[in-house]
1. Given the options A613, A607, A632, A623, name the one that is touching a residue at least 24 places away in the same chain (Cβ under 8 Å) and open to solvent by less than 10 Å² (accessible area, probe 1.4 Å).
2. Restricting to the range 166-175, give me the number of residues that are buried (at least 24 other Cβ atoms within 10 Å of the Cβ), hydrophobic (A, V, I, L, M, F, W, C) and farther than 25 Å from Q27 by Cβ.
3. Quick one: which strands (runs of 3 or more DSSP E) sit completely within the range 1-107 and have at least 2 residues that are out of contact with any His (no Cβ under 8 Å at 6 or more places or on another chain), over 28 Å from I237 (Cα atoms) and not charged (D, E, K, R)?
4. Which ones in the range 246-260 are more than 9 Å from the ligand (Cβ to nearest atom) and either free of Cβ contacts under 8 Å to residues at least 60 places away in the same chain or farther than 16 Å from G472 by Cα (or both)?
5. In the range 675-700, what residues are open to solvent by 10 Å² or more (accessible area, probe 1.4 Å) and under 16 Å from G555 (Cβ atoms)?
6. Given the condition open to solvent by 10 Å² or more (accessible area, probe 1.4 Å), over 21 Å from R409 (Cβ atoms) and part of a helix (DSSP H, G or I), answer yes or no: does some residue in the range 259-278 qualify?
7. Identify, please: which residue in the range 289-298 is within 25 Å of the chain's Cα centre (by Cα) and not charged (D, E, K, R) and is, among those, surrounded by the most Cβ atoms within 10 Å (Cβ to Cβ)?
Amino acid sequence: MSVAEIFETMEYGPAPEAKGPALEWIQQHHGQFDLFIGGDWKAPSSSDYFDVVNPATGKPLASAAQAGAEDIDTAVDAARRAYPLWSAMPGQVRARYLYALARQIQRHSRLLAVLESLDNGKPIRESRDLDIPLVARHFYYHAGWAQLMESELRGYESIGVVGQIIPWNFPLLMLAWKIAPALAMGNTVVLKPAEFTPLTALAFAEMVERAGLPPGVVNITTGDGRTGELIVRHPDIDKIAFTGSTEVGRIIRQETAGSGKRLSLELGGKSPFVVFENADLDSVVEGVVDAIWFNQGQVCCAGSRLLVQESVEERLLAKLRARMETLRIGDPLDKAIDIGAIIAPVQLQKIEQLVASGVEEGASMWQPSWACPTDGYFYPPTLFTNVSPAAMIAQVEIFGPVLVSMSFRTPQEAVDLANNTRYGLAASIWTEDINLAFDIARKVKSGTVWINSTNLFDAASGFGGYRESGFGREGGKEGLFEYVKLPAPAHLPDTQSSARARRARRTSPPESSLLDLPPVDRTSKMFIGGKQTRPDSGYSRLILGARGELVGEVGDGNRKDIRNAVEAAHAAAKWADMSGHTRAQILYYVAENLAVRTQDFAGRISAMTGESAESATREVEAAVRRLFTYAAWADKFDGQVHNTQFRAIALAIPEPIGVLGIACPDDYPLLGFVSLIAPAVAMGNTVIAIPSEPHPLSATDFYQVLETSDVPAGVVNIVTGMRNALAQVLAEHDDVDGMWYFGDSEGARTVEYASAGNMKRTWVHADGSWMDGERGEGQEFLRECTQVKNIWTPYGV
Ligand code: NAI
């Protein structure tokens, strides 16, 4: 036999990683784990424990505590008590703790890797070479941000106690993504690992003890969804950070609506893997292996939809099938294994059912000729061809090693197919043509785009979704903003809506008030798609002045008007493609045209609100200044180039959210309106604005300014009427991508609740009274109307 023949036919021998130390560690705890609360190990109040099973054998490894209401109360209380000390520590002190945690993780990296593979079923190659090194990297990276917080996030402060709920697919890595930034920014945490995979989180709790973190800064409470619910509902938690299914994300969005809790959600995906005919097909095949068979396809950003240019489809699929034959499935602790075990029988059944539905729907299913191990929960790599884009398997997150393949002819078709799901987590684009790659990268709706690569992660680069894949980012500087807030403005009145507060402050109308001028009788219409339109309802609302006199009438907008406005805003989407420079020029023009009409606008404000001429003029001037500010920002709100560990350029680009609904505060009829629409359109969004309900005439006057300032039709749409009712329609609308609401607490709750339909981004304020102060403008507004897309391009020959 020749050497070549031996090479071809040689079988792999077993190469098992030793599991002894991990099993010993479990044994040291007598196979049973309590809750880590306030720096101590506490038995659950219910005395309930659940089994933790090794998915590669189906046998129990240990048991962990099911935390109940009393336990979560204790954990939140411990985190609350630890908060003043931890948040007040200088950043450099917190940094030292985070460095200590990173070093603990490195020192025990093999124990953690083996535990992770035992508990989750993922190949040791992945836990050893990817998960655990990245965990350490996250703590190191964020230790740096703790150190730099005071200088680089000047003016920001921590949020408070954060509840964190994570899934089972990357147990320790998801813990690191959540805990490292939270602690770095001065928050304390109560974290719940997934019920299938609590072991590495418990090992991490021991490291927290050894690193000497103050008790209560990190609390680890194991349990299933019921424990998660208790965390979500707890009144003394300030923020919830969740990674998991879109279904549970939606429940959490509804559950937290109106509670004032901050929320970040990292949800499911159905990520496209787009291959153009000029791609290097051999690299593509390895890319696909990584995209869909990494971690058995149980990856939120798995490249589960292969979109191939028709001309190379057959060639690529042939290569792929040949490669699938050589994939090795089996014991996750075997170092030469490519595919490990599926997490649990329930997940295996879900995969089997979805595969069966694919076959039923007429797609062609292909699996390699070899058989899976029969112990434990295994599923073979599976390829579907002949799939219709609307088929269940092309739309639903399977979360298993199942790839669906579809073809396209033109780049535009590729973009349409790529964007043809409700998700937007990640995308891979394969072509040797850099122009094409970037063109497609900008057009695909997803938080991460990998060019000629896939599944690259690093602490320095933000990760998170567009659309129903959730909102918020983890990693990078952009991720820090999920764990900080600006302090509440000092001049905020405590309770009343500020319009009322202003009225209360006012004595009799000032003598020099423009209020005494006779009101001009004009029909104030709505403004939709660049046209002045009458309300669909045929009703008008009477607008009264400060003394109860009639100062005008506006249309009473309804659902139909909102629908038309949303359509118009979508039709104006190319506004986003204009350069920042062009948008800036248009905003400058708007500002100039408003400035020349200062007197008219001040008169209108006075007539509606009873403000003095002087005060109303100040409001107009402030609005003009703000327009100039956002015109200035339009071409300056840059992204970043992230400094990752790879030979890759990772571009973090802020992109507009899309169509944004904006409900304006009652107060400051002009300034409130301008303060909200100006940043939104400066960043390339198109908007549907609901002006101040009691004082809408400044906004309806404003469309004359828009009309004379070259603002393209549909970029700004104005629908007058009852704010909360209209805001609800916007929040429920599936073609609205984001919603800003400045009103009362009831409206804020409704908007957050209704936004769960398509998981739109929301920014709500139950008191919009700070429009006039420093807080009324700034980068916070720009961040809230953009989402960061990270585009990775590896380089090297
Ligand atoms: P899941 O979303 O139910 O679980 C994620 C975490 O949320 C776990 O810690 C769980 O205990 C907790 N949880 C469950 N119900 C909750 C509730 N009502 N309130 C608060 N917390 C709750 O995901 P599951 O059941 O483990 O997997 C189901 C499907 O979800 C998978 O088949 C997959 O499609 C998807 N999934 C997506 C992930 C992603 O990263 N995108 C991660 C895990 C699952």
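The values are calculated or read from the model by the stated rules, or taken from the named source; none is laboratory data. Since we're looking at a predicted model, the values are computed, not measured. Positions of Cβ are generated from backbone atoms using ideal geometry, with glycine treated the same way; all protein chains shown enter the neighbour counts. Note: accessible area is taken over every heavy atom of the protein model, side chains too, but ligands, DNA and RNA are not part of it. Shrake-Rupley method; radii C 1.70, N 1.55, O 1.52, S 1.80 Å.
1. A623
2. Counting residues in the range 166-175 that are buried (at least 24 other Cβ atoms within 10 Å of the Cβ), hydrophobic (A, V, I, L, M, F, W, C) and farther than 25 Å from Q27 by Cβ gives 3.
3. 49-54, 59-65
4. Of everything in the range 246-260, those that are more than 9 Å from the ligand (Cβ to nearest atom) and either free of Cβ contacts under 8 Å to residues at least 60 places away in the same chain or farther than 16 Å from G472 by Cα (or both) turn out to be Q254, A257, G258, S259, G260.
5. Passing the criteria: E693, P694, H695.
6. no
7. Step by step, filter the range 289-298, then rank; the result is Q296.
Residues checked against (1) basic (K, R); (2) in a helix (DSSP H, G or I); (3) in contact with a Cys (Cβ under 8 Å, 6 or more places away or on another chain):
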{"position": "L627", "(1), (2), (3)": "no, yes, no"}
{"position": "F646", "(1), (2), (3)": "no, no, no"}
{"position": "Y668", "(1), (2), (3)": "no, no, no"}
{"position": "G672", "(1), (2), (3)": "no, yes, yes"}
{"position": "A678", "(1), (2), (3)": "no, yes, no"}
